[in-house]
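Below is one structure, written out as structure tokens, with a few remarks after it.
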Amino acid sequence: MTLKGGATSACAACKYQRRKCIPECLLAPYFPADQTKVFQNAHKLFGVSNIVKILRSLDPSQHAEAMRSIKYQANVRDRFPVYGCLGVIRQLYYQIQMLEEEMHSVLTQLEMYRQHHHHQQQQQQHQHQHQISSMADDVISQLELGMAPSNNALPLFNQVTHQPYTMQNTYSSSDIDSPPKDNVENNSLWIQHLFLDTNNHGTSNNDSPIAIQSQLLVPNSEPLADTQHQVVQDYDEIHPFFDSIDDRQSYIDTKDAEDSSRAKCSSEESLKETTQLMVGNVGSKDLKSAAACFSLTSVN
Amino acid sequence: MSSSGYSSSPCAACKFLRRKCMPDCIFAPYFPPEEPQKFANVHKIFGASNVSKLLNEVPTFQREDAVNSLAYEAEARLKDPVYGCVGAISVLQRQVITLQRELDATNANLFRYAYNEMPPLRPPQPPPPSAAGQSSGFCYPYQWNDPSDEDNERSSGGNM
């Protein structure tokens, strides 16, 4: 198409159609003269008339966007003659599916790590609490047992039960210098002594407090059974002591002895109950709870 | 219209074009008479002659796929005269970009958590849609460049 006195050249559409490109040419803004291939693709797919038909059905403000999409669609069809834009869409769908699957697997892994981390933290907390509770139990049990007779006793054991040790020495089975008082506290000390004494008889002197504790914890064990008998026996040994205190107040003493005997009987029963509590059906908690009755309050 | 010797009905294309459906009709295998709207859409957007030319350039075993893709694009263009099927491509491409960013962030988080035992970070928020450089915010995913034509590099309409 020859140009007539104009500096402007025909658009690619008019050039292809070999017609005069008028100023009102609808396709001129979108197909410059230098974009022949683009126009050829669009013309091959849609055709000029169909493109013009589409543009005329739209608002002028939408022409630019519509032409962009038309040219894009035509170029894709030129590159992919069979599937065109549908192939691109399918590829994108596949890409999205792969990304979603990968995201799912990554999130699953992340959740596993989170749970693992959470479990580790919980385990650490439990271990820490268990350590604290076991340490506390050890201290309590050591305090309840009093001093250990062996040289292998723990330092803590010796430090805490220093006073009870001296007091219990006065209640050795061989020598009774001071009258035992008819109160629970002294009886508790005496029982503690019995336990220790029994253990000394039954075991070597090198027993650790832990071994003593383990013997205490075992139900119906020989040391405990022996202790039960010894409670009665040693208790009987105290009676002559009361009788030898004072002759002047014999009546009073006898009366006191009767009273004391009654009290001792009751206390003996309570002691028996206590030992029975200690002997039968024991876990460490029962022993400790029973021993708690005679615990630190008696250690002064 | 079908001839008297014909037992088979004309295809949708020949019925629409009101012409004799020949045995070697290129449209007959792909535009059955039971689907008249399919050819109507394709003819309205692309034109029968263009479709015929396109099918002749494609191997026979791929013609059915080509027709189906053309039918899809025609239907999309009728529903959305401005963007057609390119609108769906734009939406899907944005989705891909967003998912890829999220995946990258999650992978980085996983790596950080697994190897450093640090608490995982929150995923980054998706970026707001930017309209810079594009009048409509439209995203054309496929870059088309004509290797034989340098004009496309200079022209503004060719950058897609």
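What is the calculated FRET efficiency for B:Lys20 to A:Ser105, with r their C-beta to C-beta distance and R₀ = 51 Å, to the nearest 0.05?
The value I calculate is 0.30.
I want to check the label-to-label distance for A:Tyr94 and A:Ile22. Put each point 7 Å from Cα in the C-beta direction and report it in nm to one decimal.
Roughly 4.8 nm, to one decimal.
Once both labels are modelled 7 Å past Cα along the beta-carbon direction, what's the B:Arg101-A:Lys15 spacing in nm?
The modelled label-to-label distance comes out at 4.1 nm.
Give me the one-decimal nm value for the distance between modelled label points at A:His117 and B:Ser49, 7 Å along each residue's Cα-to-Cβ direction.
Those two pseudo-labels are separated by 6.8 nm.
Could you tell me which residue out of A:Tyr113, A:Cys85, A:Ala74 lies farthest along the dipole of region A:74-117 toward its positive end? Charges go on the beta carbon: Lys and Arg +1, Asp and Glu -1, centred on the Cα centre.
A:Ala74
How large is the accessible surface per residue of region A:86-143, computed with a 1.4 Å probe and reported in Å² as a whole number?
Solvent-accessible surface per residue comes out at 76 Å².
Can you check what the net charge comes to around B:Ile45, using other residues whose Cβ is under 13 Å from the Cβ of B:Ile45 (Lys, Arg +1; Asp, Glu -1)?
Here the count lands on +3.
Can you list the trypsin sites (Lys or Arg not before Pro) in region A:52-150 that are in a DSSP coil and have 13 or fewer other beta carbons within 10 angstrom?
Here no trypsin sites (Lys or Arg not before Pro) fit, given the DSSP loop and packing criteria.
Using a Förster radius of 60 Å, what is the FRET efficiency between A:Asp137 and B:Glu34 based on their Cβ-Cβ separation? Nearest 0.05, please.
0.10
The values are calculated or read from the model by the stated rules, or taken from the named source; none is laboratory data. From a predicted model like this one, the values you see are computed outputs, not experimental measurements. Glycine also receives a Cβ, built like all others from the backbone with ideal geometry; neighbour counts cover every protein chain displayed. Protein only, heavy atoms only, side chains kept; ligands, DNA and RNA dropped before computing areas. Shrake-Rupley method; radii C 1.70, N 1.55, O 1.52, S 1.80 Å.
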